[in-house]
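Comments concern the structure below.
The values are calculated or read from the model by the stated rules, or taken from the named source; none is laboratory data. In this text, all values refer to a predicted model and were calculated from it rather than measured experimentally. Glycine also receives a Cβ, built like all others from the backbone with ideal geometry; neighbour counts cover every protein chain displayed. With ligands, DNA and RNA removed, areas are computed over all heavy atoms of the protein, side chains included. Shrake-Rupley method; radii C 1.70, N 1.55, O 1.52, S 1.80 Å.
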Amino acid sequence: MTGNDELRDRFASAFMHNYGVPPVALARGEGCAVWDVDGRRYLDLIGGIAVSSLGHGHPALVEAVSRQVATLAHTSNLFLHEQEVLLAERLRTLLREPARVFLANSGTEANEAALKIAIKYGRTHGRGYMVAAENGFHGRTLGALSLTGKQSIRDQFGPFPLDVRFVPYGDADALKNAVTDDCAAVFLEPTQGEAGVVPPPEGYFRAAREICSATGALLVADEIQSAIGRTGHWFAHQAEEVVPDIVTLAKGLGGGMPIGACIGLGEAGEVFAKGDHGSTFGGNPVSCAAALAVLGTIERDGLLGNAVRVGALLSEGIAAVRHPLLKGVRGRGLWLAAVLTVPRSAQVQAAAQEAGFLVNALQPDAVRLAPPLVITESDARVFLDALPGILEAADA
Ligand SMILES: *Cc1c(COP(=O)(O)O)cnc(C)c1O
């Protein structure tokens with residue numbers, strides 16, 4: 001029995017059934033490579049779901065986290081610390097707007113904070129309901145789940161106490177009809193991540209901004225997957241030149257350390273009063289130090305440009321592959337989905353793993369790539385060279 005099989009068996013007995021049993025037990029990583037417990041090497045093209053921005057074992061991240069954990073690992077919100085102040089200031093600078101920050105531990109918690117702001121804002125202004133998109137994903141806790149437009153993961157836990165109305169993603173007219181003067185907030189991903197890396201039609205996010213401004217609803221940009229360089233911008237909404245009222249962040253921000261952020265721009269940053277919200281671990285010094293290292297390294301090493309360059313190489317390279325299983329590619333920067341002609345993404349993921357590449361069977365017909373922002377052109381070429389063989393093996 002391999003080390004992988006042994007650990008998978010133990011995982012299967014010790015854990016609840018919610019994740020199934022993942023295919024590989026990882027032991028260590030370096031840059032864009034990871035090794036499993038049997039010593040097999042893989043090129044990591046999924047980066048812990050768009051989380052490991054700097055890849056694995058990046059010296060800046062290791063140094064920042066090690067130094068901080070040895071200096072002061074935790075304060076709670078009874079006390080403040082310099083790392084969280086530096087991080088909030090840095091995020092405000094990157095947003096280029098007056099803003100106030102709340103730090104949480106995860107994406108779903110960032111959205112819970114946004115939801116509480118929207119509820120309070122709505123009560124103050126006599127507005128009741130929320131609008132979100134069909135097939136959208138905002139998290140698994142009950143508030144965020146009530147905004148999540150994927151029936152298979154929400155219906156069995158409903159009904160929810162919030163009035164959320166769903167609209168087809170990308171349809172500006174439907175959004176306009178759904179958002180009245182009674183709507184408190186509109187929650188949207190700039191590109192739908194979990195739905196299959198699905199970008200909206202050009203101008204959709206700008207239309208959403210106009211609709212919200214005309215009615216007074218808050219526009220919440222769920223940038224938990226799309227921000228921190230993933231699309232070649234600090235925030236995906238910056239490409240549209242749209243300013244949301246609230247931005248939520250998590251995944252790539254901590255480079256692997258758990259952290260989430262809910263950022264209120266302008267009035268939305270002033271909604272919470274003392275005592276309205278909190279988190280014991282949120283904004284802990286180690287995660288904040290990690291996030292500062294991530295943001296500093298992205299800037300110093302020009303990783304936004306790298307995401308654009310290597311992203312284009314990957315996207316064009318996938319588009320150039322001629323294979324009956326492959327329909328095309330969508331997404332931008334280092335956030336792509338290879339779209340299949342038939343629902344065989346699980347077979348593609350398995351064949352890729354067999355060939356030494358970690359990718360993600362996101363939807364039955366979509367395979368997600370969200371590699372570390374430090375991925376090189378030569379890594380991308382190695383994958384592109386292997387892709388026809390992977391598709392061939394998956395088609396067998
Ligand atoms: C991953 C994700 C979330 C949930 O984040 P967790 O950290 O898993 O709670 C919410 N919204 C979007 C867009 C995401 O991609």
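Mind checking whether some residue in segment 131-139 is more than 21 Å from K251 (Cβ to Cβ) and open to solvent by less than 30 Å² (accessible area, probe 1.4 Å)? Outline the logic, then answer.
Let us first name the residues in segment 131-139 that are more than 21 Å from K251 (Cβ to Cβ), namely 131, 134.
Next, from what is left, pick out any that are open to solvent by less than 30 Å² (accessible area, probe 1.4 Å): 131.
Scanning segment 131-139, I find at least one residue that is more than 21 Å from K251 (Cβ to Cβ) and open to solvent by less than 30 Å² (accessible area, probe 1.4 Å), so the answer is yes.
Answer with yes or no whether V242 is without any contact (Cβ under 8 Å) to a residue 60 or more places away in the chain and more than 16 Å from the ligand (Cβ to nearest atom).
So V242 fits the description; yes.
Within the group A361, A352, which residue is at pLDDT 95 or above and open to solvent by less than 10 Å² (accessible area, probe 1.4 Å)?
After applying the criteria, what remains is A352.
Please identify the pairs in which a residue from segment 132-153 that is acidic (D, E) has its Cβ atom under 6 Å from the Cβ atom of a residue that is in a loop (DSSP other than H, G, I, E, B) and surrounded by fewer than 21 Cβ atoms within 10 Å (Cβ to Cβ), counting only partners at least 6 apart or on another chain.
Qualifying pairs under 6 Å: E134/P168.
Take the residues in segment 16-49 that are over 23 Å from the mean Cα position of the chain (by Cα) and charged (D, E, K, R), then tell me which one is farthest from G255 (Cα to Cα). It would help to see each step written out before you state the result.
Taking segment 16-49 first, the residues over 23 Å from the mean Cα position of the chain (by Cα) are 16-17, 27, 35-41.
Applying the additional criterion that residues be charged (D, E, K, R) yields 36, 38, 40-41.
Working: D36: 20, D38: 25, R40: 23, R41: 21 Å.
In this case the residue turns out to be D38.
Which residues, taken from segment 66-115, are open to solvent by 50 Å² or more (accessible area, probe 1.4 Å), within 30 Å of L162 (Cα to Cα), of a type outside the set (K, R) and not in a loop (DSSP other than H, G, I, E, B)?
E109
Is at least one residue of segment 327-344 modelled with pLDDT of 95 or more and touching a Phe, Trp or Tyr at 6+ places or on another chain (Cβ under 8 Å)?
no
Give the residue that is nearest to the ligand (Cβ to nearest atom), with candidates limited to residues of segment 127-153 that are within 24 Å of I211 (Cβ to Cβ) and modelled with pLDDT under 95.
K150
Among (1) within 13 Å of the ligand (Cβ to nearest atom); (2) at positive phi; (3) open to solvent by 30 Å² or more (accessible area, probe 1.4 Å), there is one condition G266 misses while meeting the rest; what is its number?
Evaluating G266 over (1) within 13 Å of the ligand (Cβ to nearest atom); (2) at positive phi; (3) open to solvent by 30 Å² or more (accessible area, probe 1.4 Å) leaves (1) as the failure.
Tell me which residues, restricted to segment 26-81, are within 16 Å of the ligand (Cβ to nearest atom) and of a type in the set (S, T, Y).
S52, S53
What are the pairs with Cβ atoms under 8 angstrom where one residue, in segment 75-96, is in contact (Cβ under 8 Å) with a residue 12 or more places away in the chain and closer than 20 Å to S279 by Cβ and the other, located anywhere, is of a type in the set (S, T, N, Q) and in a helix (DSSP H, G or I)? Sequence gap at least six, or different chains.
Filtered contacts from segment 75-96: Q83/Q68.
Could you please find all residues in segment 284-310 being assigned to a loop (DSSP other than H, G, I, E, B) and either open to solvent by 50 Å² or more (accessible area, probe 1.4 Å) or over 22 Å from L61 (Cβ atoms) (or both)?
D301
Among the residues of segment 232-283, write down those that are assigned to a loop (DSSP other than H, G, I, E, B) and under 18 Å from A221 (Cα atoms).
G232, H233, W234, F235, E241, V242, V243, P244, D245, A250, I259, V271
For the list (1) polar (S, T, N, Q); (2) open to solvent by less than 20 Å² (accessible area, probe 1.4 Å); (3) touching a strand residue (DSSP E or B) at 6+ places or on another chain (Cβ under 6 Å), I need the number of the one condition that S315 fails.
In the conditions (1) polar (S, T, N, Q); (2) open to solvent by less than 20 Å² (accessible area, probe 1.4 Å); (3) touching a strand residue (DSSP E or B) at 6+ places or on another chain (Cβ under 6 Å), S315 misses (2) alone.
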